[in-house]
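Only one structure is covered here, and it is reproduced in the block below.
The values are calculated or read from the model by the stated rules, or taken from the named source; none is laboratory data. Since the model is a prediction, treat every value here as computed from it, not as a measurement. All Cβ positions, even for glycine, are placed from backbone atoms using ideal geometry, and neighbour counts span all protein chains on display. Please note that ligands, DNA and RNA were not included when accessible areas were found on the heavy atoms of the full protein model with its side chains. Shrake-Rupley method; radii C 1.70, N 1.55, O 1.52, S 1.80 Å.
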Amino acid sequence: MAECHVEISSHAVRRPVQTFNHSSSKWVRLNVGGTHFLTTRQTLCRDPRSFLFRLCQADPDLDSDKDETGAYLIDRDPMYFGPVLNYLRHGKLVLNKNLTEEGVLEEAEFYNITSLIKLIKDKISEREGKTTHTPVKHVYRVLQCQEEELTQMVSTMSDGWKFEQLVNIGSSYNYGNEYQAEFLCVVSKELYNQSYNGNSQPSEKAKILHEQGSRI
């Protein structure tokens, strides 16, 4: 019986090594200031005018060095890149207490994410508008009431009116000949720049009563 010898070449059993094709993968790795971020190409391409969109397109005019893991190297603050990336993911700006809107604006302008730039500028303008609305005028009112009405009147004050002073002006008698103390209640309100008008002048009577009440 003839012997059959079969030789198997070592090249025949070798499996090709699979390499990671970064340009064709939907996942993108970023190294921002030494911190790695993993996200999708779709997320980074939300704004077609942004730096990150150009990065994903392998723009030949954009210097895009990579580290040893294949992550794109970006020399920016990783703490502020987090809110930028999350905005691209879900369209909302979320900041923790250690970050400022001005810091995120700086990053948004660097990456040229136009919608985020507008959002932050609007928030900063709104915030600054609130802090500059300082009171420019105190308006006083004088309300006359009896003792039994006093508690209800003070508890139902609204629309920014605040209790200032209570002045006892004597007593009166009702139809039942019962003694009733009479009071003048001085209340005030702060007028701001946006609500001030020339007709809202405090009366001289209110000023005098407030001064008299302060000395009682």
Tell me which residues, restricted to the stretch 92-114, are more than 22 Å from His36 (Cα to Cα) and surrounded by 15 or more Cβ atoms within 10 Å (Cβ to Cβ). Glu101
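Would you pick out the residues in the stretch 111-138 that are among the aliphatic types (A, V, I, L, M) and at pLDDT below 80?
Val136, the sole residue that qualifies.
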Taking the residues in the stretch 35-91 that are polar (S, T, N, Q) and touching a residue at least 40 places away in the same chain (Cβ under 8 Å) as candidates, determine which candidate is most open to solvent (accessible area, probe 1.4 Å). Thr69
Quick one: would you say Asn177 is modelled with pLDDT under 55, touching a strand residue (DSSP E or B) at 6+ places or on another chain (Cβ under 9 Å) and surrounded by fewer than 11 Cβ atoms within 10 Å (Cβ to Cβ)? no
Taking Phe81, is it at pLDDT below 95 and closer than 13 Å to Tyr111 by Cα? no
Is it the case that some residue within the stretch 50-68 is under 22 Å from His90 (Cα atoms), assigned to a loop (DSSP other than H, G, I, E, B) and modelled with pLDDT of 90 or more? yes
